[in-house]
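To keep things clear, I will list the structure first and then write my remarks on it.
The values are calculated or read from the model by the stated rules, or taken from the named source; none is laboratory data. Remember, it's a predicted structure, so these values are computed and weren't measured experimentally. Cβ sites come from the backbone with ideal geometry, for glycine too, and all protein chains shown count toward neighbours. Ligands, DNA and RNA are stripped out before the accessible areas are found, and what is left, the full protein with its side chains, is counted by its heavy atoms. Shrake-Rupley method; radii C 1.70, N 1.55, O 1.52, S 1.80 Å.
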Amino acid sequence: MRLDKYLSNSGYGSRKEVKSLIKHGQVKVNEKLIKDDSFHVIPEKDLVFVNDLKVNFRQNHYILLYKPEGYISSTEDENYPSVLNLVSDYRHAALFPVGRLDVDTTGVLLLTDDGDLAHRLLSPKRHVDKVYRVTVDHSLSDKLIEYFKVGILLDGKTTLPATLTILSDLEAEVILNEGRFHQVKRMFSAFNYTVVSLKRTQFDCLTLKGLNVGEYRLLSESEIEKLKNH
Ligand code: URA
């Protein structure tokens, strides 16, 4: 595997960023300074160091994106740009979004090329918490708290217990641990509410802290571990 790919996969930045690390003499392979980004490394055998700190090799990429409105959570679409356009530095990785946010929904979206992890996180059995901030079109009723807890029939199947907290007249926080199609909007719509804005503030341990809308960051080693151990 090329040295630049090895470093990018391992969380040291985009291909462009890791090429710069290599060019500036910050990378050693088995004690030897390497300035050639196409240098071949064998992940199982070679020891790679950045600024004399050993690199833990990662096979995959894990990116947390603060999804803006107007982008689609699929890899391509005729009408809207894909969220992948927002991480174009990682074009070389076969990234895809873990689950979907509607085109008008903003917030936490995990992008990865780790199919196993995505599959596990999306499995209904795993009960991954997703937290949403919702604004609706008319006054929220306390009764919704119980309805969301008991479950709502959508397409012949009752939703799992969800936690609804009323934050103000028109705003609520909803915690779900499943991810059915347009689930939040359809749960409110069952009681004649229209969701006028929807933001996912948390996906398992991942939050929007430190990110502005449209920005992204690589996951830390401990976040990856937490997701894998979910
Ligand atoms: N529920 C919705 O209705 N839309 C989303 O984008 C996410 C959850």
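Assorted remarks:
- Gyration tensor (alpha-carbon) shape descriptor, the range 122-211, a/c threshold 1.5: oblate
- When the range 62-228 is reduced to its Cα atoms, the Kirkwood hydrodynamic radius in Å: 16.6
- Over the range 3-54: Rg over Rh, Cα atoms, Kirkwood Rh: 0.90
- On full extension, the segment bounded by Lys228 and Asn212 gains 3.2 nm, given 0.36 nm per residue less the C-alpha separation.
- Rolling a 1.4 angstrom probe over the protein heavy atoms with all chains in place gives the chain an accessible area of 53 Å² per residue.
- Using Cβ point charges alone (K and R +1, D and E -1), the dipole size of the chain about the Cα centre works out to roughly 520 debye.
- The chain - mean residue ellipticity at 222 nm from DSSP helices (-39,500 (n - 2.57) per run, n ≥ 4, rounded to 500): -5500 deg cm²/dmol
- Full-extension gain in nm, Glu178 to Arg91, via 0.36 nm per residue minus C-alpha separation: 28.4 nm
- Added length on full extension, which subtracts the Cα-Cα distance from 0.36 nm per residue, Leu33 to Asp129: 30.1 nm
- If you take all other residues with their beta carbon under 13 Å from the beta carbon of Arg200, and give Lys and Arg +1 and Asp and Glu -1, the sum is 0.
- Top of Asp36, Asp52, Asp155 by mean-square fluctuation, Gaussian network on the chain, Cα under 10 Å: Asp155
- Among Gly11, Gly179, Gly25, the largest mean-square fluctuation in a Gaussian network model of the chain (Cα springs under 10 Å) belongs to Gly25.
- Separation in nanometres of the label points that stand 7 Å from Cα toward Cβ, at Val103 and His40: 4.7
- In this simple spin-label approximation, Glu171 and Lys157 carry label points 7 Å from Cα along the Cα→Cβ vector, and these lie 3.3 nm apart.
- Accessible area of the range 3-54 belonging to carbon and sulfur atoms, whole % at 1.4 Å probe: 53
- Top positive-direction residue, dipole computed over the chain with Cβ charges, set Ser10, His61, His138: Ser10
- Solvent-accessible area assigned to carbon and sulfur over the range 62-164 amounts to 47 percent, based on a 1.4 Å probe.
- Normalised by the number of residues in the range 5-121, the mean separation of alpha-carbon contacts (under 8 Å, six or more apart) gives a relative contact order of 23 percent.
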